[in-house]
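Peer 1: Let me give you the structure first, and then I'll get to my questions.
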Amino acid sequence: MGNYRVHVTIENKPGISDPEGKTILNDLVLKGTHQNVSKINTAKMLKFTITENNKESAQSKVKELCDELRIYNPMVSVVTIDAFDA
């Protein structure tokens, strides 16, 4: 058994509106700074610390927890789960 840090990143699927990202981009444009930035997407990240046998089981358990708790909407969200040694 080992300790793992598991990061869950929740983003909107392509084509789903991201008003927060648009607001941040508009602020940059209005300020006249960072003209080379053309798009900003926002995401939510959850960080778990979990004890499991290996990285794969840590990822699987966290995915199960997220699904059980309905932390994201699979109709509009893309979820990425990454595990790291703690």
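Peer 1: Put +1 on the Cβ of each Lys and Arg and -1 on the Cβ of each Asp and Glu in the chain; which of T80, I16, V6 then has its Cα farthest toward the positive end of the dipole?
Peer 2: My answer, from the dipole projection, is I16.
Peer 1: Please give every one of the aspartates and glutamates within straight-line cross-link reach of K31, meaning a C-alpha to C-alpha distance under 20 Å, and leave out same-chain neighbours fewer than 8 residues apart.
Peer 2: Straight-distance partners of K31: E20.
Peer 1: Out of the chain, which chymotrypsin sites (Phe, Trp or Tyr not before Pro) are coil in DSSP terms and have no more than 14 other C-beta atoms within 10 Å? Write out the running numbers ahead of the final one.
Peer 2: On the way: sites: Y4, F48, Y72, F84; in loops: Y72.
The qualifying sites: there are none.
Peer 1: Tell me the Kirkwood radius of the chain: reciprocal of the mean inverse pair distance over distinct alpha-carbon atoms, in Å.
Peer 2: Values: mean 1/r = 0.0680 Å⁻¹.
One decimal place: 14.7 Å for the Kirkwood radius.
Peer 1: Expressed as an acute angle from 0 to 90° and rounded to the nearest 10, what is the orientation of the C-alpha long axis of helix 55-69 relative to the principal long axis of the chain?
Peer 2: For 55-69 against the chain, the angle is about 70 degrees.
Peer 1: Same structure again: Pop a pseudo-label 7 angstrom from the Cα along the beta-carbon direction at both K63 and M45 and give the gap in nm to one decimal.
Peer 2: 2.1 nm
Peer 1: In addition: How far is the Cα center of the stretch 26-40 from the Cα center of the stretch 60-81, in Å?
Peer 2: Between the Cα centres of the stretch 26-40 and the stretch 60-81 lies a distance of 32 Å.
Peer 1: Take the residue pairs K13/K39; K22/K61; K39/K63; K39/K61; K13/K47 and return only those whose Cα atoms are more than 25 Å apart. Kindly include the intermediate steps, with their values, before the conclusion.
Peer 2: Numbers: K13/K39 15 Å; K22/K61 34 Å; K39/K63 29 Å; K39/K61 34 Å; K13/K47 21 Å.
The pairs that break the limit, which is 25 Å between Cα atoms, are K22/K61; K39/K63; K39/K61.
Peer 1: Turning to a different aspect of this structure: Using Cα pairs closer than 8 Å and at least 6 residues apart in sequence, work out the relative contact order for the chain, in percent.
Peer 2: Values: 123 pairs, mean separation 45.8, N = 86.
The normalised contact order for the chain reaches 53 percent.
Peer 1: Need one number: nm distance between label points at A86 and N73, each 7 Å from Cα along Cα→Cβ, rounded to one decimal.
Peer 2: 3.3 nm
Peer 1: If you put +1 on each Lys and Arg Cβ and -1 on each Asp and Glu Cβ, how big is the dipole of the chain around its Cα centre, in Debye rounded to 20? Walk me through the numbers on the way to the answer.
Peer 2: On the way: 11 positive and 11 negative charges, 49 e Å.
For this selection, approximately 240 debye.
Peer 1: Using 7 Å Cα-to-Cβ label points, what is the E56/H7 separation (nm, one decimal)?
Peer 2: Going by the 7 Å Cα→Cβ label model, 2.3 nm.
Peer 1: Can you find, among L46, T33, L65, the residue sitting farthest towards the positive end of the charge dipole of the chain, where Lys and Arg contribute +1 and Asp and Glu -1 at Cβ?
Peer 2: T33
Peer 1: Could you check which residue among N54, N73, N36 shows the biggest mean-square fluctuation in a GNM of the chain with a 10 Å Cα cutoff?
Peer 2: N36
Where a number appears in this text, it was derived from the coordinates with a stated rule and is not lab data. These figures come from a predicted structure and were not determined experimentally. When we count neighbours, we look across all protein chains shown, and the Cβ atoms used for this are built from the backbone with ideal geometry, even at glycine.
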